[in-house]
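Chemist: Sending over a structure as structure tokens; questions will come in a sec.
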There are 2 protein chains.
Amino acid sequence: MAIPFDKLVKGVRQGHLRSLARLITRVENREAGWKDAMKTIFPQTGGTVVFGITGAPGAGKSSLTNRIAEGLSKRGFQIGIIAVDPSSPFSGGALLGDRLRMQDIATIDGIFIRSMATRGTLGGLCQGARDVIRILDAFGKDIVLIETVGVGQDEIEVVRAADHVLVVSVPGLGDGIQTLKAGIMEIADLFIVNKADRDGADEVVSDIQAMLEISQEGDESAPPVLKTSAVTGEGIESLVDLLLRLKEEKEAQTRDHAERVKEEILTLMEQELFHRIRSEWAGNGALQDAVDQIGKGKQDPYSVAEDMLSGIESFQLGPISDRKERGGGK
Amino acid sequence: MAIPFDKLVKGVRQGHLRSLARLITRVENREAGWKDAMKTIFPQTGGTVVFGITGAPGAGKSSLTNRIAEGLSKRGFQIGIIAVDPSSPFSGGALLGDRLRMQDIATIDGIFIRSMATRGTLGGLCQGARDVIRILDAFGKDIVLIETVGVGQDEIEVVRAADHVLVVSVPGLGDGIQTLKAGIMEIADLFIVNKADRDGADEVVSDIQAMLEISQEGDESAPPVLKTSAVTGEGIESLVDLLLRLKEEKEAQTRDHAERVKEEILTLMEQELFHRIRSEWAGNGALQDAVDQIGKGKQDPYSVAEDMLSGIESFQLGPISDRKERGGGK
């Protein structure tokens with residue numbers, strides 16, 4: 001029999017690693033009761049600072065994340081790492097994921113590493129990351145690092161769950177910064193030119209600075225550009241210093257917090273509707289009938305979708321209750 | 001005043017390029033009337049074969065797509081290209097997109113190139129691609145090539161709108177095939193090792209073949225692996241031959257067609273519901289109240305989303321009408 005959610009939540013609060021790993025898995029899988037567990041956890045969260053670390057494939061994000069985690073850990077902070085895997089929508093498993101590469105720090109005390117599949121988290125990658133961050137937060141992690149490849153749209157969304165975004169570039173990657181999505185440049189709080197021991201690092205720094213100059217508006221200050229090398233250790237200490245300064249500034253940076261909460265509520269509503277639609281239609285054959293009608297040329301997908309929704313006249317949206325009035329986590 | 005949709009649809013059928021470009025834009029932007037336009041177009045579609053061309057950033061997909069389009073065009077086919085841009089979720093524009101690189105074939109008669117932003121298509125990238133494919137189909141394109149970077153989840157979804165998927169690898173990209181998402185390997189109908197003029201091409205071929213051997217189940221035949229060079233032209237003619245063979249086989253490969261239609265209907269329903277949710281809640285302040293309550297510690301996002309949906313007891317899904325009974329595009 002599965003351990004009840006409330007036991008796992010209790011275990012997480014008490015700092016049990018196995019409870020942590022299990023709770024994350026079961027919330028990711030949207031097992032019955034996941035939402036109540038998150039409701040119970042929510043009031044204990046908000047203390048963790050989240051750094052998103054992103055960049056093109058091959059930029060050395062994993063090694064850099066390792067180094068940052070080590071550096072922060074040495075200064076006494078409890079660290080959680082969420083590694084977003086380029087995994088399969090079919091097999092559900094990573095082909096050659098970051099898990100292997102991360103092994104060397106997995107044994108350091110106070111660092112917890114969790115891989116997340118880009119597919120397979122039923123709640124979607126971004127909401128999945130928010131949930132995992134909160135669980136790590138309730139567990140007592142001071143800082144969470146999310147490492148994700150900075151190319152896909154989903155991956156951009158994920159870093160938006162972070163308080164601060166680090167964009168990692170590297171010399172000699174052909175098109176260089178061209179392979180980064182434009183959106184990533186715009187949400188970066190900090191640029192890192194990694195593998196600075198290689199030729200061409202200074203050119204990448206100049207390229208980024210030139211691009212920042214073009215895109216900077218008004219008198220806002222441009223994000224800093226740092227050189228690091230995970231191999232030689234160059235720049236890592238300065239980077240850790242900078243991250244800790246950003247951590248202290250977190251409270252002041254609530255600027256987009258309300259927007260992020262709104263977005264989360266809408267996402268959760270959409271996911272619930274999505275779930276209801278899929279379960280409503282999975283078994284009843286109407287969808288298959290519709291496909292047949294389309295095949296016979298009697299219908300088109302646009303009309304079918306419209307017809308199917310015609311029964312919902314309007315959204316009778318419910319009132320928002322006060323959690324305290326109804327006694328917490330239900 | 002904007003040109004009415006029915007005029008644009010008529011223009012597309014008559015092969016007017018400006019109507020084509022405009023109709024695509026207005027359907028992408030989900031302007032009022034877009035759905036009726038698609039309903040009218042739908043019965044004229046189904047004749048186009050769609051090839052998805054995907055791979056890691058830097059694999060030379062754009063040049064290869066150019067070469068393929070040229071080759072197919074020379075053999076008398078009308079070609080449409082959809083280039084999925086790594087564009088900004090903020091600015092909406094590509095920073096350094098494929099548009100520039102594609103200029104050299106944009107002037108060839110019979111080739112139409114369209115960039116699609118990964119963000120900014122309100123209908124979502126995959127549905128957006130389906131819509132554009134249908135419009136190109138109604139316009140008279142025989143073959144549509146969709147070029148997309150093979151790293152993000154959205155990008156994988158896009159290639160699923162294709163009938164056949166070409167996965168492009170390249171020697172010397174560091175981690176090599178590691179940067180490809182595992183899911184991509186599994187949906188590939190054809191592997192291409194591009195930049196075959198470079199060292200290491202044969203190793204990449206062996207790597208892919210080894211991986212295919214591991215993952216192949218039962219007696220299904222492994223997808224072919226071809227070497228090409230967009231620079232020297234090596235392998236391009238054989239590739240074009242192979243694509244034309246796949247084109248002829250299209251009719252036989254309706255295996256997953258029903259699943260794709262089902263998925264499209266569900267996607268369209270979801271998008272409509274999401275749209276309604278967003279417009280329902282945009283102006284009425286309830287969302288802001290909820291954010292305030294969360295800020296005061298009186299609520300959590302999970303409960304708020306649940307409460308807001310509590311008014312929707314069940315989905316009173318409507319009956320599917322017969323398009324012919326109500327006289328076409330309504």
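The values are calculated or read from the model by the stated rules, or taken from the named source; none is laboratory data. Here the structure is a predicted model, which is why all the values come from computation and not from measurement. Cβ sites come from the backbone with ideal geometry, for glycine too, and all protein chains shown count toward neighbours. Protein only, heavy atoms only, side chains kept; ligands, DNA and RNA dropped before computing areas. Shrake-Rupley method; radii C 1.70, N 1.55, O 1.52, S 1.80 Å.
Chemist: Provide the FRET efficiency to the nearest 0.05 for the residue B:198-residue B:17 pair, computing r from the beta carbons and using R0 = 60 Å.
Modeler: In this case the efficiency is close to 0.95.
Chemist: Once phi is turned into ³J(HN,Hα) by the Karplus curve 6.51 cos²θ - 1.76 cosθ + 1.60 with θ = phi - 60°, what whole-Hz value does each residue of the range A:221-227 show in order, with x for glycine and proline?
Modeler: Computed from phi, the couplings for the range A:221-227 are 7, 6, x, x, 10, 10, 9 Hz.
Chemist: Which pairs in the list B:35/B:141; A:10/A:247; A:39/A:262; A:7/A:39 are over 24 Å apart, alpha-carbon to alpha-carbon?
Modeler: Beyond 24 Å between Cα atoms: A:10/A:247.
Chemist: Right, another one. Keeping every protein chain in place, order A:51, B:42 by accessible area at 1.4 Å, biggest value first, i.e. largest first.
Modeler: B:42, A:51
Chemist: While we're on this one: Counting only residues 5 or more places away or on other chains, whose amide H sits under 5 Å from the amide H of residue A:115 once H atoms are built in the peptide plane?
Modeler: Placed amide hydrogens put A:83 under 5 Å from residue A:115.
Chemist: Kirkwood hydrodynamic radius, computed over distinct alpha-carbon pairs, for the range A:259-309: how many Å, to one decimal?
Modeler: Every distinct Cα pair counted, the radius reaches 12.7 Å.
Chemist: Would you please give the residues with an amide H less than 5 Å from that of residue B:169, counting only those at least 5 places away or on a separate chain, with H modeled from the backbone geometry?
Modeler: B:192, B:193, B:194
Chemist: Under the Karplus relation 6.51 cos²θ - 1.76 cosθ + 1.60, θ = phi - 60°, what is the ordered set of whole-Hz ³J(HN,Hα) values for the range A:39-55, x standing for Gly and Pro?
Modeler: Coupling constants for the range A:39-55: 5, 5, 6, 3, x, 8, 10, x, x, 8, 9, 10, 10, x, 10, 9, x Hz.
Chemist: Provide an ascending nm list, one decimal, of label-point separations from residue A:212 to the equivalent residue in each further copy; define each label point as 7 Å from Cα along Cα→Cβ.
Modeler: 4.6
Chemist: How high is the FRET efficiency between residue A:186 and residue A:44 when r is their beta carbon distance and R₀ equals 41 Å, given to the nearest 0.05?
Modeler: Given R0 = 41 Å and the Cβ-Cβ separation, E is 0.80.
Chemist: Counting only other chains, what is the mean number of Cβ atoms within 10 angstrom of the Cβ of each residue in peptide B:266-276?
Modeler: 6
Chemist: If you don't mind, another one. What does the structure give for A:53-60 when I average, per residue, the other chain Cβ atoms found within 10 Å of the residue Cβ?
Modeler: Partner Cβ neighbours, averaged per residue: 3.
Chemist: Give the ranking of A:139, A:191, A:274 by solvent-accessible surface, highest area first, calculated with a 1.4 Å probe.
Modeler: From most exposed to least exposed: A:274, A:139, A:191.
Chemist: Heavy-atom accessible area of residue A:113 with all protein chains present, probe 1.4 Å, nearest 10 Å²?
Modeler: Looks like 50 Å² after rounding.
Chemist: Any idea of residue A:114's accessible area? Nearest 10 Å², probe 1.4 Å.
Modeler: 40
Chemist: Using a 1.4 angstrom probe and counting only protein chains, how large is the accessible area of residue B:157 in Å², to 10?
Modeler: 50
Chemist: Distance in nm between label sites at residue A:245 and residue A:213, each 7 Å beyond Cα in the beta-carbon direction?
Modeler: It works out to 2.2 nm between the two label points.
Chemist: Pull out a ≥ b ≥ c, the square roots of the eigenvalues of the alpha-carbon gyration tensor of the range B:1-77, then state rounded if a/c is under 1.5, prolate if not and a/b is larger than b/c, and oblate in the remaining case.
Modeler: Since a/c reaches 1.5 and a/b is larger than b/c, the shape of the range B:1-77 is classed as prolate.
Chemist: Still on this model: Quick one: buried accessible area between A and B, total over both chains, 1.4 angstrom probe, nearest 100 Å²?
Modeler: 9300
Chemist: Distances from residue A:16 to the same residue in each other copy, label points 7 Å out along Cα→Cβ, in nm, shortest first?
Modeler: Here the equivalent label points are 7.1 nm apart from this one.
Chemist: Could you give me the ³J(HN,Hα) list for the range A:234-240, computed from phi with Karplus coefficients 6.51, -1.76, 1.60 and θ = phi - 60°, whole Hz, x at Gly and Pro?
Modeler: Those phi angles translate into 4, x, 5, 4, 4, 5, 4 Hz.
Chemist: Separate question: Would you compute the Debye intensity of the range A:13-56 from its alpha-carbon atoms alone, equal scatterers and no solvent, and pass along log10 I(q)/I(0) at q = 0.24, 0.31, 0.34 Å⁻¹ to two decimals?
Modeler: -0.99, -1.13, -1.15
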